[in-house]
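Following: one structure in structure tokens, then a few remarks.
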Amino acid sequence: MSIASRGTARQHLVAVRLLLIATVVLGIAYPFTVTGIAQLVAAPQANGSLLRDAEGEVVGSPLIGQSFTDADGGALPEWFQSRPSAAGDGYDGGASSGSNLGPENPDLVESITARQAAIAELDGVSVADIPADAVTASASGLDPQISPEYALLQADRVAAARGIPTATVEALVRSKIAAGDLGYLGAPTVNVLELNLALAQIG
Amino acid sequence: MPAVWMAIAQIATLITLLILLHRPVGDWIATVFSTAKDWRIERGLYRLIGVAPRSEQSWPVYLRSVLAFSVVGILLVYLLQRTQELLPYSLGLPAVDPLLAMNTAISFATNTNWQSYSPELTMGYAVQMAGLAVQNFLSAAVGLAVAVAVIRGFTGVTTRTLGNFWVDVVRAVTRILLPAALVAAVALSIGGVIQNFAGFTELTTLTGGTQTIPGGPVASQEAIKQLGTNGGGFFNANSAHPFENPSGWTNTFEAFLFLLIPFSLPRTFGTLVGDRRQGRAVLATMATLAIVSTGLLVWAELAAGGTAPQLAGGAMEGKETRYGPVASAIFAAGTTLTSTGSVNSMHDSFTAFGGGIAIVDMMLGEVAPGGVGSGLYGLLVIAILAVFIAGLMVGRTPEYLGKRIGAREIKLVGLYILATPILVLVFTGLSFAIPTVRADVEGTSMANGGLHGFSEVLYAYASAANNNGSAFAGLTAATPWFGTTLSIAMLLGRFLPIVFVLALAGSFAAQRRVPTTAGTLPTHRPMFIGLVAATVLIVSALTYFPILALGPLAEGLQS
């Protein structure tokens, strides 16, 4: 064996040993240590910030959006609607995804037109008043939030479907508007699941 | 708050954090790689792996160590994926297909983190933790080590050696990446990033439907994914997934994490070469390019050009409500300017110009500020070219930091600069020039037709060859053509530049130091900063303008 190839063989031996140690430390000890600390100091968050109903059953996570539609995907008028979703059949937590349709894609243009028409009919508003988030699919397909504009736009219809005053529903929506962190690290939002849970409380 | 002010405030927040922290972090990194003191645990480690920590390596030996470590890394990640069904915590997922396993192994060991798969359907916790996350640490450590070896090329005087790779890589992990990742991971989990081993949970939704909620050790991986400018998502939606990036502040924090080390390394460079003004000039060049590019991307997304964004009343397709166009555009700029490649929004659905700027960011060669380590050595190569061009203009022998740039050095610079563009242009060209391949690319891979489909392919090779890892993710890359060629682009795009830059460092280290005279070009003044920035732009514009005209430019101008 030449000196050079002996050197190379030795390098590989060192590389293998270091890699195995790194795998134990960085691949096993590190994530389990983080898990231990996270479960100690922030267990609810580390477990998905899950929400439970009065019986203690998990009803969802405010971080993961849900569909409020019937089996055919039609909007249930008594619930605030989430954004369109490209995750599986919609809000599939096992298959996060955006649509990845480009800005000139004819399928996207067609979808947006159809969604605008559907919302205009459901909520009795003009297409010009529908905000962009209402007619576009999010990046994750699990977006738990909508814009305050889209939430307020739905208040009338939700109130009518539930037979409660519009003012009550609007007040509820306004109480659920969250500014971005520190007021500017992100856009103002309304969490749809939290809003609908609060809505269920008042009937 | 109007969107423009929100953008300015968010960018100012990141800049402020980086101004405050780049000095202590940069100085710490300089200390880590220059001190003669080993920690006790490190001494034990060196004994275990059989390394004499004070032994020095010449550049070919240093290079062989880099390559050996990367090769065994690729093999282990491949092996883990191929035996996935035997591993614990694998959620019952089967072994990964050989081509995809090879592509993924190369991707993570080259700091690219290109993902041709949907993680929640493909990778169990064992592969993610013991395979992918380990390479997130180690590929970043390799980048740091090479950058430091290159700096030693400038500081060395008539020496044959550049330090010891094994010591550099160990210290990068024990003293920089691991402690920082631990702190960041805990902070992220407090912010709502999950960290558990719960698998998938079925629940009944408010309307009586069922929904699956994923679990996983996400925070630990998210921290090093950003800090090491890796970018490989635990979930398919990457940092757009609410369990990876739940809120406005976690989003800003994650962007800060991927900017931190690349923007601190110029300080390390200045400190180690004993002239902090040189580091400031490098930093100013990177920052200028980054701020301009980020501003343009935010403008493009707020202007919302194109048929679909205009129809919808905003560029919100593929964006999360909690970020909106502003925080999405800033993240997109940051992730492509560094070689991170994590995304909080789907670049494929960006406006034509917005997506185009993301492509240009990568085509700058990942130098503003680029990946951990690779950004610094990339920019230093461009600085050497700038000195050379200036030297030609005034007719003097060019020197940088007291080192002469002769025929051998400039050849290596030329090879370095040509390597990635050749990969991008040749593979993009071949994808459409070979009839059978073209049929497959257009029929199977492209999710969007026409110009945008072309941009998807161009984005893929720009991302792979520059080791970024983000994508116009509509592209189906799990085909034999893309699986193979993207693997080649990632491998050569990572290691050819490392070969050339280490050879360059070896060449500099062997030289004497040329004394500074009145005729020496000052390399810390604004004029030089402008010259280097212009060189970055001219090199990439000359190389890529025609192909950009075929994709994003044409698409943006047609509407």
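The values are calculated or read from the model by the stated rules, or taken from the named source; none is laboratory data. Just so it is clear, the model here is predicted, and its values are computed rather than measured. Note that we place each Cβ from the backbone using ideal geometry, even for glycine, and neighbour counts take in every protein chain shown.
Just the residues that are modelled with pLDDT of 95 or more and of a type in the set (A, V, I, L, M), please, taken from region B:507-526.
B:ALA509, B:ALA510
Name the residues in region B:151-166 that are within 21 Å of A:ALA15 (Cβ to Cβ) and not in a helix (DSSP H, G or I), would you?
B:THR161, B:LEU162, B:GLY163, B:ASN164
Give the number of residues within region B:213-258 that are within 22 Å of A:ALA187 (Cα to Cα) and either among the polar types (S, T, N, Q) or within 7 Å of chain A (Cβ to nearest Cβ) (or both).
Summing the residues that are within 22 Å of A:ALA187 (Cα to Cα) and either among the polar types (S, T, N, Q) or within 7 Å of chain A (Cβ to nearest Cβ) (or both) in region B:213-258 gives 15.
Test each condition in (1) more than 17 Å from B:ALA237 (Cα to Cα); (2) surrounded by fewer than 24 Cβ atoms within 10 Å (Cβ to Cβ) for A:ASP133 and report the one that comes out false.
Single failed check for A:ASP133: (2).
Name the one entry in B:LEU289, B:LEU302, B:LEU297, B:LEU265 that is closer than 25 Å to B:TYR323 by Cβ and crowded, with 24+ Cβ neighbours inside 10 Å.
Numbers: B:LEU289 fails: crowded, with 24+ Cβ neighbours inside 10 Å; B:LEU302 fails: crowded, with 24+ Cβ neighbours inside 10 Å; B:LEU265 fails: closer than 25 Å to B:TYR323 by Cβ.
Among B:LEU289, B:LEU302, B:LEU297, B:LEU265, only B:LEU297 is closer than 25 Å to B:TYR323 by Cβ and crowded, with 24+ Cβ neighbours inside 10 Å.
Only one residue in A:GLY141, A:GLY93, A:GLY183 is of a type outside the set (D, E, K, R), under 24 Å from B:VAL326 (Cβ atoms), within 9 Å of another protein chain (Cβ to nearest Cβ) and under 16 Å from the mean Cα position of the chain (by Cα). Which one? So that I can check it myself, show each step before the final result.
Working: A:GLY93 fails: under 24 Å from B:VAL326 (Cβ atoms); A:GLY183 fails: under 16 Å from the mean Cα position of the chain (by Cα).
Of the residues listed, the single one that is of a type outside the set (D, E, K, R), under 24 Å from B:VAL326 (Cβ atoms), within 9 Å of another protein chain (Cβ to nearest Cβ) and under 16 Å from the mean Cα position of the chain (by Cα) is A:GLY141.
So if I check each of B:VAL148, B:VAL134, B:VAL169, which one is facing chain A (nearest Cβ under 7 Å), assigned to a helix (DSSP H, G or I), of a type in the set (A, V, I, L, M, F, W, C) and under 19 Å from the mean Cα position of the chain (by Cα)? Talk me through it step by step, then tell me what you get.
Details: B:VAL148 fails: facing chain A (nearest Cβ under 7 Å); B:VAL169 fails: facing chain A (nearest Cβ under 7 Å).
Just one listed residue meets the conditions, B:VAL134.
Listed here are the residues, each with its yes/no results for (1) among the acidic types (Asp, Glu); (2) at pLDDT 95 or above; (3) surrounded by 22 or more Cβ atoms within 10 Å (Cβ to Cβ).
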position: A:ILE112; (1), (2), (3): no, yes, yes
position: A:ALA120; (1), (2), (3): no, yes, no
position: A:VAL125; (1), (2), (3): no, yes, no
position: A:SER140; (1), (2), (3): no, yes, yes
position: A:ILE146; (1), (2), (3): no, yes, yes
position: A:ALA155; (1), (2), (3): no, yes, no
position: A:ALA159; (1), (2), (3): no, yes, no
position: A:GLU170; (1), (2), (3): yes, yes, no
position: A:ALA178; (1), (2), (3): no, yes, no
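Based on what the data block shows, is B:VAL186 more than 7 Å from chain A (Cβ to nearest Cβ) and at pLDDT 95 or above?
Details: more than 7 Å from chain A (Cβ to nearest Cβ): no; at pLDDT 95 or above: yes.
The answer is no for B:VAL186.
Restricting to region A:142-173, name every residue that is charged (D, E, K, R) and assigned to a helix (DSSP H, G or I).
Filtering region A:142-173 down to residues charged (D, E, K, R) leaves A:143, A:149, A:156-157, A:162, A:170.
Listed by number, the residues that qualify are A:GLU149, A:ASP156, A:ARG157, A:ARG162, A:GLU170.
List pairs: first in region A:91-103 and outside the structural domain of A:GLY141 (by TED's automatic domain parsing), second in a loop (DSSP other than H, G, I, E, B) and acidic (Asp, Glu), Cβ under 9 Å, 6+ apart or cross-chain?
Partner pairs satisfying both residue conditions: none exist.
Within the bounds of region B:312-323, is there any residue that is under 24 Å from A:SER111 (Cβ atoms), assigned to a loop (DSSP other than H, G, I, E, B), at the interface with chain A (Cβ under 9 Å from one of its Cβ atoms) and in contact with a strand residue (DSSP E or B) (Cβ under 7 Å, 6 or more places away or on another chain)? Give the steps one after another, and end with the answer.
Here is the first cut: in region B:312-323, the ones under 24 Å from A:SER111 (Cβ atoms) are B:312-323.
If we keep only those that are assigned to a loop (DSSP other than H, G, I, E, B) too, we end up with B:313-323.
So of that shortlist, the ones also at the interface with chain A (Cβ under 9 Å from one of its Cβ atoms) come out as B:313-323.
Checking the rest, the ones that are also in contact with a strand residue (DSSP E or B) (Cβ under 7 Å, 6 or more places away or on another chain) come to B:321-322.
So far as region B:312-323 goes, yes, one or more of its residues are under 24 Å from A:SER111 (Cβ atoms), assigned to a loop (DSSP other than H, G, I, E, B), at the interface with chain A (Cβ under 9 Å from one of its Cβ atoms) and in contact with a strand residue (DSSP E or B) (Cβ under 7 Å, 6 or more places away or on another chain).
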